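What follows is calculated from the coordinates using simple rules that are stated; it is not laboratory data. Because the structure is predicted, anything quoted here is derived from the model rather than measured. In this analysis, Cβ positions are derived from the backbone assuming ideal geometry, glycine residues included, and neighbour counts consider all displayed protein chains.
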Amino acid sequence: MARMAGPRATEPGGGGGALGALGSRVFFAMGPAQGDRLAAWRVALGVAVPSLALLATGRPDLVIYAVFGAFVGMYGRNEPHQLRVIHQGQAAVLLVGGTVIGIGLAAAHIGPWTLVALEALVAGVVSIVADKYRLKPGGPFFCIFALGACASVPLAVPWWCATLICLGSALFAVLVGFAGWMGSRSWVPGTVRPVEAAISPAILVHALRYVLAVGGAGAAGILLGIGHPYWAMAAGAVPLAAETLGARIVRGIHRVVGTLAGVGVTALILLPQPPNMLLGLAVVVLQFPSELFMARHYGLALVFFTPLILVMTHLASPTDPAVLMADRAVETVIGAAAGVLVALCIREPRALRAG
């Protein structure tokens with residue numbers, strides 16, 4: 001992700017208006033196009049095939065496991081095929097691993113406080129791994145989101161079946177990402193992705209941010225009695241994926257505004273109570289615009305990503321759509337606030353700032 005400079009102070013008298021205009025430009029700014037359509041088609045195909053297969057067998061409740069596996073396709077979007085397959089393989093270990101942990105926790109019927117503690121710990125560990133291997137999208141968001149979501153829905157099949165669905169979907173996504181190699185057939189022996197030589201203080205501090213933001217957001221969600229605390233934990237991780245303090249604040253705002261708009265779109269889908277087959281198709285369709293805008297404008301991407309997640313959750317564990325949407329809105333505000341607060345309080349190591 002490109003670095004984003006924070007707003008600078010302006011001259012007294014009229015400075016507030018200048019800052020407001022600058023803030024507005026930063027919020028609405030679209031990032032440069034970087035092969036977004038092709039990347040979106042790859043991810044959409046990776047989601048569509050296993051999801052449609054489950055819909056055809058009459059199991060829309062299992063789509064959630066296929067989608068989390070298919071999210072592997074989001075990684076390495078602009079890399080050559082040789083590097084992308086390595087990148088996505090590394091991401092698959094984290095995503096499938098998070099999903100499997102969540103499936104295991106669901107089978108064990110763990111309590112909410114145990115889930116918060118474990119998810120915060122996993123967030124810190126995965127943050128270190130993601131930073132060391134320079135994964136993009138950065139941070140532990142998708143891993144802990146998969147963990148929390150799968151731990152919070154009842155298992156409708158044996159754990160190994162849910163695991164195989166996720167693993168098969170992840171492998172298919174990697175194959176889709178590598179398929180373009182058939183046209184070029186270029187392969188450079190010994191090529192590897194860059195890896196951080198050591199786990200630096202900055203990486204450890206960043207992992208601490210995730211532990212505090214994810215744990216704090218989840219604890220707040222439980223104490224307030226809201227039904228999906230894992231949404232708050234996932235939202236707590238979102239601002240921290242940006243590289244600078246200013247970008248983290250903007251990303252937190254994007255998370256809230258984009259999610260609220262996405263909740264409105266969800267209402268149009270869920271409130272008419274369409275059949276599950278149409279809801280499953282909606283998940284497949286929504287993936288393309290989600291990925292199309294994910295790298296260019298996170299807030300806009302969430303207008304489509306939010307209903308995708310809510311519809312998928314509703315299929316896995318049907319509930320009152322109004323309650324589902326209200327929980328999503330409140331938990332997102334809690335999580336984004338926790339992430340931004342941690343970003344403000346825990347800055348980069350002093351030596352790094354001085355450099």
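Tabulated data
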| read-out | value |
| --- | --- |
| Residue-span extension gain [Ile199 to Ala56] - 0.36 nm each, minus C-alpha spacing | 46.9 nm |
| Fewest-first sequence of Ser51, Ser127 by Cβ atoms within 10 Å of each Cβ | Ser51, Ser127 |
| Least to most buried among Arg37, Arg296, Arg328, Arg84 (fewest other Cβ within 10 Å first) | Arg37, Arg296, Arg84, Arg328 |
| The stretch 26-73-the stretch 100-162 distance, computed between alpha-carbon centres (Å) | 19 |
| Net dipole in debye of the chain [+1 Lys, Arg Cβ; -1 Asp, Glu Cβ; about Cα centre; nearest 20] | 880 |
| Residue-averaged [θ]222 nm for the chain, counting only DSSP H segments that reach four residues, each worth -39500 (n - 2.57) | -24000 deg cm²/dmol |
| (1) 30, 25, 21; (2) 34, 24, 18; (3) 30, 27, 24, with the label sought being that of the calculated semi-axes √(5λ) of the Cα gyration tensor in Å | (1) |
| Zone residues, the stretch 303-318, relative to Ala267, backbone N less than 19 Å from point 7 Å out along Cα-to-Cβ | 303-312, 314 |
| The stretch 33-132, relative contact order in percent, only Cα pairs under 8 angstrom and at least six apart counted | 20 |
| Gain in span if fully extended, Leu164 to Val49, counting 0.36 nm per residue against the direct Cα distance | 39.9 nm |
| For the chain, built as a Gaussian network whose Cα springs stay under 10 Å, the top-fluctuating residue of Arg42, Arg134, Arg25 | Arg25 |
| Mean projected area in nm² (Cα convex hull; one quarter of hull surface) for the stretch 91-178 | 5.6 |
| The chain: DSSP helices with Cα axial extent of at least 24 Å and average Kyte-Doolittle hydropathy no lower than -0.5 | 36-56, 81-108, 112-132, 159-178, 201-223, 245-270, 276-294, 298-316, 321-345 |
| Per-residue Cβ neighbour rank within 10 angstrom, fewest leading, Val47, Val126, Val153 | Val153, Val126, Val47 |
| Cα lying deepest toward the dipole's positive end in the chain, options Ile101, Thr114, Leu300, charges on Cβ | Leu300 |
| Among Leu115, Leu310, Leu281, residue whose mean-square fluctuation peaks in a GNM of the chain (springs only between Cα atoms under 10 Å) | Leu281 |
| Label-point separation in nm, Asp320 to Thr114, each point 7 Å along Cα→Cβ | 2.9 |
